[in-house]
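For reference, the structure is listed below as structure tokens.
The values are calculated or read from the model by the stated rules, or taken from the named source; none is laboratory data. None of these values were measured; they are calculated from a predicted model. As a convention, Cβ positions derive from the backbone with ideal geometry for all residues, glycine included, and neighbour counts pool all protein chains shown. Accessible surface areas use protein heavy atoms only, side chains included; no ligands, DNA or RNA. Shrake-Rupley method; radii C 1.70, N 1.55, O 1.52, S 1.80 Å.
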Amino acid sequence: MATVEIRDVRKSYGPVEAIKGIDIAIRDGEFLVLLGPSGCGKSTLLRMVAGLEGITGGEIAIGGRVVNHLEPKDRDIAMVFQNYALYPHMTVFDNMAYGLKIRGIPQAEIRARVDKAAEILELERFLDRRPSQLSGGQRQRVAMGRAIVREPAAFLFDEPLSNLDAKLRTQMRVEIKRLQDRLRITSLYVTHDQVEAMTLADRILVMNHGVAEQIGTPLEVYQRP
Ligand code: ADP
Ligand code: ADP
């Protein structure tokens, strides 16, 4: 079964056709990477799935429901951003809990979900700290934790590693891989980094100038002449 279906989706900015008809279905538990050079339309496509950008044509369904006209908060997704987007005045616990609080989830349920995510991400000892008291890698894990506690149908990653130095980038890549092996989260992951795509992806969609140039496993994409 497919969790996210993107059907002939198009996007124009005035006369500029940024996305020229993309078709892809992300299966349950699949990690799909959107790979391509700057300006090819990766971010636009991800933002349309998130509901942060209107759709010019086509249809997007999440969990079997067409979401074209749904607000971001009403789509069953969670986003992980490259700038972490953590609240500096809140503790790690409150940062992870916030998205649940505003959705009216009961306190005990919040506690249970945050504790579970903290265990998975090895953040148990840091729940009372503020983001400024954490390393870059720990902050990135909190950002992941915020998404995990939501238990969404799909995770959307917008170049989450691109602001990190090389050492941390490698660490986080391994971390995301480990998480994926453990939780099998359904994911759409945008990057221009081939190594990230090759190591993380179940399948890669290679984009160029708003079209899907190739879709395949890392091996298939890599072996293509
Ligand atoms: P990528 O994420 O692959 O770098 P983008 O999705 O950001 O690419 O951009 C795809 C194309 O759409 C580019 O040509 C970009 O200039 C254009 N574009 C993106 N956002 C806007 C916007 N808000 N207004 C006009 N053009 C845009
Ligand atoms: P979350 O969904 O991560 O718990 P919120 O509910 O506060 O956080 O965010 C509402 C919506 O706003 C999110 O679904 C996301 O689409 C968007 N959003 C949140 N942070 C950012 C950001 N830094 N940049 C762009 N959009 C964001």
For GLY58, list long-range residues whose amide hydrogen, built 1.01 Å from N in the peptide plane, is under 5 Å from its own amide hydrogen. ARG10
Shape verdict for segment 33-85, please, from the Cα gyration tensor: rounded (a/c under 1.5), prolate (a/b greater than b/c) or oblate. oblate
Area accessible to solvent at LYS42, 1.4 Å probe radius, in Å²: 10
Taking the chain and dividing mean pair separation by its residue count, relative contact order in percent (alpha carbons under 8 Å, at least six apart): 30
Based on DSSP, what percent of beta bridges with both residues in the chain are antiparallel, to the nearest 5? 55
Within the chain, helix-based [θ] at 222 nm, where runs of 4 or more DSSP H residues each add -39,500 (n - 2.57), nearest 500: -10500 deg cm²/dmol
Enumerate the residues in segment 28-55 having an amide nitrogen under 15 Å from the point lying 7 Å beyond the Cα of VAL211 toward its Cβ. 40-41
Inter-label distance for ARG130 and VAL195, nm, one decimal - labels placed 7 Å from Cα along Cα-to-Cβ: 3.4
Solvent-accessible area of MET144, probe 1.4 Å, all protein chains present, reported in Å² to the nearest ten, please. 10
Compute the distance in nm between two label points, each set 7 Å from the Cα along the Cα-to-Cβ direction, one at GLU119 and one at ARG65. 3.0
Could you give the length gained by full extension between VAL174 and TYR222, i.e. 0.36 nm per residue of separation minus their alpha carbon distance, to one decimal place? 15.3 nm
Quick one: if the Förster radius is 22 Å, what FRET efficiency do LEU52 and ASP28 give, using the C-beta to C-beta distance and rounding to 0.05? 0.40
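What is the count of Lys pairs in segment 14-167 whose alpha carbons sit under 24 Å apart, if the two are 8 or more places apart or on different chains? It would help to have the intermediate numbers written out before the result.
On the way: LYS20/LYS42; LYS42/LYS73; LYS73/LYS101; LYS73/LYS116; LYS101/LYS116.
Lysine pairs satisfying the spacing and distance rule in segment 14-167 number 5.
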Can you work out the FRET efficiency for the pair GLU17 and ASP76, with r the C-beta to C-beta distance and R0 = 35 Å, to the nearest 0.05? 0.75
